[in-house]
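One structure below.
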C-alpha cells in the first residue's frame, strides 16, 4: 500500500503516552481463547464476557514510544485520512449527505471507553456512544504473528472495517440493528451481528476500490492481503484454530468464505446498495 508522504488525519486522539488503566479478573480455558481471538480482530469489546467483575485496579504507567510505534501511528493516521476522503465522496454521490468523520483513539496497553475497557484482549472496536474507533498500535503485530494476517493493507483493512461500523452508525443502520438485537434471542442476535459484520466487510471493499481509483494507493498483492485477513478471522477458522468444534449458531462475524465474498462484492461494485446484508437470504 502506498501511504508514505500522504496527509494524516486530524481526527486522532493519541493516548499512547500513558499505559492506561489495567483491568483485573478474567477467565481461563479454551472458551476465553475463542473470545479473545474474536475480539483481537474486527471485534467488539469482549471484556464484559471474559472479566470476573473485578473492574479496574486503578494504576497507570508511562509508556515509552518506539520507532515502530510511531510508524504504526503515522500509518493509521494516513489510512484514516483516506477513509475520510473516500466516504466524503461516497456520501455526497450516493447518499446526498455530508460525511462527518469519526475520531480514532490510539492507545497502547489499555484505556477506557464508554463501551468498556479497551486492551489487547478486546482488539480494535467502534464505540457508538462516543462515535470513536479504538485501536492498540500493538495489534498489528498480534495480527501478523498470531492470526497469520500480515501486510500493511491487511492492517489498513482493520482500520477500514472499524470505520465502516461508524458509517453504518451514521447511516442509521447500526442503531436499528442493535435495537432489534436487544429484543430477540441470543441465536437471533448472533445472526444479526453476522449481518452487521459482513456489511462492514462489504463497506471496507468499497473503501478499497475508491482508494485504488482515487489515490492509486493499492499495490499488487494488497487485495490478496485483505482477503487473507478476512479468511483468518472468519468464525469457523477462529474456532478451528482454537481447537473447537465449528458451531454456526455461535457465529457473530461470519465464516471465512462469507467475509471474503462480501469484501470482494464491495470492491467490485463500489455501491452501498450492493452491501445490503439484511435483506438477502444468502449470506
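The values are calculated or read from the model by the stated rules, or taken from the named source; none is laboratory data. Source: prediction; values computed, not measured. Glycine gets a Cβ as well: all are built from the backbone with ideal geometry, and neighbour counts include every protein chain shown.
In the list 223, 192, which residue meets the criterion of being assigned to a helix (DSSP H, G or I) and either modelled with pLDDT under 85 or within 16 Å of residue 266 (Cα to Cα) (or both)? Don't jump to the end; show me each part of the working.
Working: 192 fails: either modelled with pLDDT under 85 or within 16 Å of residue 266 (Cα to Cα) (or both).
The match here is 223.
With 147, 171 as the choices, which residue is modelled with pLDDT of 95 or more and surrounded by fewer than 24 Cβ atoms within 10 Å (Cβ to Cβ)? Show your work before the answer.
On the way: 147 fails: modelled with pLDDT of 95 or more.
Unique residue meeting the criteria: 171.
Yes or no, residue by residue, for (1) more than 17 Å from residue 271 (Cα to Cα); (2) outside any helix (DSSP H, G or I); (3) in contact (Cβ under 8 Å) with a residue 60 or more places away in the chain:
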| residue | (1), (2), (3) |
| --- | --- |
| 164 | no, no, no |
| 174 | yes, no, no |
| 180 | yes, no, no |
| 184 | yes, yes, no |
| 187 | yes, no, yes |
| 205 | no, no, yes |
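Can you name every residue in the stretch 231-249 that is surrounded by 15 or more Cβ atoms within 10 Å (Cβ to Cβ) and part of a helix (DSSP H, G or I)?
231, 232, 235, 236, 237, 238, 239, 241
Which of the residues spanning the stretch 207-218 are in a helix (DSSP H, G or I) and either in contact with a helix residue (DSSP H, G or I) (Cβ under 8 Å, 6 or more places away or on another chain) or modelled with pLDDT of 95 or more (or both)?
Taking the stretch 207-218 and keeping what is in a helix (DSSP H, G or I), we get 207-215.
Matches in the stretch 207-218: 207, 208, 209, 210, 211, 214, 215.
Just to check your reading of the model, which residue among 221, 266 is touching a residue at least 40 places away in the same chain (Cβ under 8 Å) and out of contact with any helix residue (DSSP H, G or I) (no Cβ under 6 Å at 6 or more places or on another chain)? Outline the logic, then answer.
Details: 266 fails: out of contact with any helix residue (DSSP H, G or I) (no Cβ under 6 Å at 6 or more places or on another chain).
Matching residue, one of 221, 266: 221.
For the stretch 106-129, what are the residues that are outside any loop (DSSP other than H, G, I, E, B) and under 18 Å from residue 170 (Cα atoms)?
First pass over the stretch 106-129, keeping only residues outside any loop (DSSP other than H, G, I, E, B): 106-107, 110-113, 116-119, 125-127.
Those that are outside any loop (DSSP other than H, G, I, E, B) and under 18 Å from residue 170 (Cα atoms): 125, 126, 127.
Name the residue that is surrounded by the fewest Cβ atoms within 10 Å (Cβ to Cβ), counting only residues in the stretch 98-111 that are out of contact with any strand residue (DSSP E or B) (no Cβ under 9 Å at 6 or more places or on another chain) and either touching a residue at least 40 places away in the same chain (Cβ under 8 Å) or within 19 Å of residue 133 (Cα to Cα) (or both). Before you say what the answer is, go through the steps one by one.
Within the stretch 98-111, the first condition is being out of contact with any strand residue (DSSP E or B) (no Cβ under 9 Å at 6 or more places or on another chain), and the residues that meet it are 98-101.
Still in the list and also either touching a residue at least 40 places away in the same chain (Cβ under 8 Å) or within 19 Å of residue 133 (Cα to Cα) (or both): 99-101.
Numbers: 99: 19, 100: 13, 101: 20.
Restricting to residues being out of contact with any strand residue (DSSP E or B) (no Cβ under 9 Å at 6 or more places or on another chain) and either touching a residue at least 40 places away in the same chain (Cβ under 8 Å) or within 19 Å of residue 133 (Cα to Cα) (or both), the top hit is 100.
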